[in-house]
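Contents: one structure, followed by commentary.
The values are calculated or read from the model by the stated rules, or taken from the named source; none is laboratory data. Quick caveat, the model's predicted, so the values are computed rather than measured. Because the Cβ atoms are built from the backbone with ideal geometry, glycine has one as well, and the counts that use them run over all protein chains shown. Note: areas computed on protein heavy atoms with side chains; ligands, DNA, RNA excluded. Shrake-Rupley method; radii C 1.70, N 1.55, O 1.52, S 1.80 Å.
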Amino acid sequence: MTLSTTQPLANRHDAARTIFRYGPSTAALIYPLLLVSLHQSGRHFVQATDATGKLLAGLAVGLSAALVYSVPLLSFAAISQSAGQIRTRQFAHLAFAAPPLFVMIGVFFYMLNVPNGDYAFWAIAWLGVIGFAAFVSPTNEMPAAAPRWLRTAHGFSAGAIIVIFLAWHLANHVTAAWSLETNKQIMDLLRVWYRSDIVQPILVALFAFQLLSGLRLLWAAIKADIYSSIQTATGTFLIVFMTSHLIAVFILGRMFLGVDTTFAWASGAPTGLLHDPWNVRLIPHYSLAPLFVISHLAMGLRAVLIGHDVRVAFANCFAWVVCGIGLGVSLVIAIAQLSVST
């Protein structure tokens, strides 16, 4: 009786390990095709002329969007449920960052003027990751812990970025839900501050430190509880997102295209995000970023509270409330971006 009970449990455990080992990378491999489906269903929705057509196309848009967002969702499941499986968690963290990774690669191939080069590169790269996962032995070797001072410096640097730039930047984006003109006026006013000759170099240096220190802290992170998983997963996403965003603004926008990198530009104006086959990749890229940056901060604040002897239950509740605020901010900004179209 014991053997008959234990065997199915062992089989299910092995199946789960296989899914978590290969599932996120496989989902990331087909991620561009899911974006194509989202774009095509969006076109059908706009072109539909009757109620039935609108309903069916709307359902297709919803299903396509769900599949697109299922890539980081599946990856997070693998991260949080693979305690002790270092290699599996590394693959899952990489797949979790698929949205900004695909944008960054797309920007490079756009500037190189290689049509569809990003799709080919993406497929080859993720097939390589899957092959690596299949033929390289898993490792449970614990990475070296990051020094305490680095965590402290990372937190202080994040605080400086919030005060100097991020809080104002996100608040400015929220205003776009009411008026692009208001958004542009506030942005122009804020740029006098954070694009000044003194503040901008400091801000760029702070971002560079966040990226480098974040990589080191991420490499040393081995816990797989829900709070640590949120912190490391969102941290991975933000490392890639910040790199991609800085390249898009400083190199693509200012140097390559010579355009004003406004909210409308980031929202794919005048075509919009959903109606353009390239811009559609920006929907998950931008809609997830505010949620993840605020959630990442929430997990960091939770750790600080617990470190100062605040009750764990209160710290947990506080973290979830802040994450909820992040979700609200993301939804408002996403709606504003999706409203920018012809």
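Tell me which trypsin sites (Lys or Arg not before Pro) from segment 246-342 have a DSSP coil assignment and no more than 15 other beta carbons within 10 Å of their own. Intermediate values should be presented prior to the final figure.
Working: sites: ARG254, ARG281, ARG302, ARG311; in loops: ARG311.
In loop regions of segment 246-342 (DSSP not H, G, I, E or B), the sparsely surrounded trypsin sites (Lys or Arg not before Pro) are ARG311.
Would you check the accessible area of ASP260, probe 1.4 Å, heavy atoms only, in square angstrom rounded to 10?
70 Å²
Could I get the Rg over Rh figure for segment 50-165? Both from C-alpha atoms, Rh via Kirkwood, rounded to two places.
Rg/Rh for segment 50-165 comes to 1.09.
Shape call for the chain from the C-alpha gyration tensor, a ≥ b ≥ c root eigenvalues: rounded (a/c under 1.5), prolate (a/b greater than b/c) or oblate?
oblate
Which helices, taking whole DSSP H runs in the chain, have alpha carbons extending 24 angstrom or more along the helix axis plus mean Kyte-Doolittle at least -0.5?
Answer set is 2-47, 51-80, 117-135, 199-220, 226-246, 282-307, 312-338.
For SER339 and ASP197, what does the FRET efficiency come to when R0 = 51 Å and r is the distance between their Cβ atoms, rounded to the nearest 0.05? Kindly include the intermediate steps, with their values, before the conclusion.
Values: r = 35 Å, r/R0 = 0.68.
Once rounded, the FRET efficiency stands at 0.90.
How far apart, in nm, are two points set 7 Å out from the Cα along the Cα-to-Cβ line at ALA134 and at TRP219?
For the pair ALA134/TRP219, the computed spacing is 2.9 nm.
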